[in-house]
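Reading through the structure tokens given below for one structure.
The values are calculated or read from the model by the stated rules, or taken from the named source; none is laboratory data. This structure is a prediction, so every number in the text was calculated from the model and none was measured. Neighbour counts are summed over all protein chains in view; Cβ atoms, including those assigned to glycine, are modelled from backbone coordinates with ideal geometry.
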Amino acid sequence: MLDHTSIADLRKSYERAELNEDASQADPLMQFDQWLGEAISAQVPEPNAMTLATVGSNLRPSTRVVLIKGFDAQGIVWYTNYASRKGLELAGNPYAALQFHWVELERVVRIEGVVEKVPAEESDAYFNSRPLDSRIGAWASPQSEVISGRGVLVANAARYGARFMLNPPRPTHWGGYRLKPDNWQFWQGRKSRLHDRLRYTLLSDAGWLRERLAP
Ligand SMILES: Cc1cc2nc3c(=O)[nH]c(=O)nc-3n(C[C@H](O)[C@H](O)[C@H](O)COP(=O)(O)O)c2cc1C
């Protein structure tokens, strides 16, 4: 068993960078664009991985990791199975939160907003850009359902592979979601736990209020 005292003693001083009102962007999308670009340039592992939090009808939150596939003024896009747990939770409650943690850069971005499905043509275009095995995989995996063993996936993949050959169509239960942010937070680790946190809140006139939060 791991020594719990040694876990409690794990701590790190964050000293790489700072985030100020003066040097940050007035538009959070531009700040995100800059930080994601820096995470990619720094070659952090899986810079495009983000945690997605949803809330079920029983009011219990749940999280999982998904990959960002696009972002612009309309929102942040990822792809998944609409019948998965997250899909069912989003169907019942469209409010969700995303979080990126770029450990090596000592940075976190948190994004909250309302989620909608992307138009079918947009999902088709992305689906058709995926490698063949991923496209077959979307058919083969009844995501989040209980299955009797791995063999189910292997058999499904063989069956759908034989059925669709090189041109599987996008399953109607698979596609994109877009979260339209109304709240962003950018966290930069600093020395002595005096971290920088800037929060951007969407105002009714479509501008952004930028405020510093205590760490
Ligand atoms: C790095 C990483 C990236 C992932 N990307 C996706 C993704 O883009 N879409 C997806 O449906 N699942 C993705 N997954 C799997 C999910 O984390 C999760 O297991 C799955 O979507 C089922 O979640 P749910 O049962 O809460 O709906 C990824 C997992 C990891 C570790």
With respect to the numbered conditions (1) in contact with a Pro (Cβ under 8 Å, 6 or more places away or on another chain); (2) crowded, with 19+ Cβ neighbours inside 10 Å, which one is the sole condition not fulfilled by Leu19? (1)
Which listed residue, of Asp27, Asp3, Asp72, Asp9, is surrounded by 14 or more Cβ atoms within 10 Å (Cβ to Cβ) and among the acidic types (Asp, Glu): Asp27
Might you check whether a residue that is among the hydrophobic types (A, V, I, L, M, F, W, C), under 18 Å from Arg199 (Cβ atoms) and within 16 Å of the ligand (Cβ to nearest atom) occurs anywhere in the range 17-34? no
Check on Pro168, at pLDDT 95 or above and part of a loop (DSSP other than H, G, I, E, B): yes
Of the residues in the range 31-41, those that are surrounded by fewer than 16 Cβ atoms within 10 Å (Cβ to Cβ) and more than 24 Å from Leu209 (Cβ to Cβ) number 4
Among the listed residues Asp9, Asp27, Asp72, identify the single one that is of a type in the set (Asp, Glu) and modelled with pLDDT under 95. Asp9
Close pairs from the range 6-25: first touching a residue at least 12 places away in the same chain (Cβ under 8 Å) and over 17 Å from Trp184 (Cα atoms), partner outside any loop (DSSP other than H, G, I, E, B) and not polar (S, T, N, Q), Cβ under 6 Å, at least 6 apart: Ser13/Lys191; Glu15/Lys191; Glu18/Asp196
Can you tell which of Val66, Val44 is part of a loop (DSSP other than H, G, I, E, B), within 16 Å of the ligand (Cβ to nearest atom), among the hydrophobic types (A, V, I, L, M, F, W, C) and surrounded by 14 or more Cβ atoms within 10 Å (Cβ to Cβ)? Val44
Within the range 177-211, which residues are more than 17 Å from Glu112 (Cα to Cα) and in contact (Cβ under 8 Å) with a residue 40 or more places away in the chain? Gln188, Gly189, Arg190, Lys191, Ser192, His195, Asp196
Could you grab me the full set of residues in the range 1-33 that are within 18 Å of Lys69 (Cα to Cα) and either over 17 Å from the mean Cα position of the chain (by Cα) or of a type in the set (Asp, Glu) (or both)? Met30, Asp33
Taking only the range 47-63 into account, find how many residues are farther than 21 Å from Arg135 by Cα, assigned to a strand (DSSP E or B) and touching a residue at least 24 places away in the same chain (Cβ under 8 Å). 7
Within the range 157-215, can you find the residues that are surrounded by fewer than 13 Cβ atoms within 10 Å (Cβ to Cβ) and among the aliphatic types (A, V, I, L, M)? Ala158, Ala162, Met165, Leu166, Leu194, Leu203, Ala206, Leu209, Leu213, Ala214
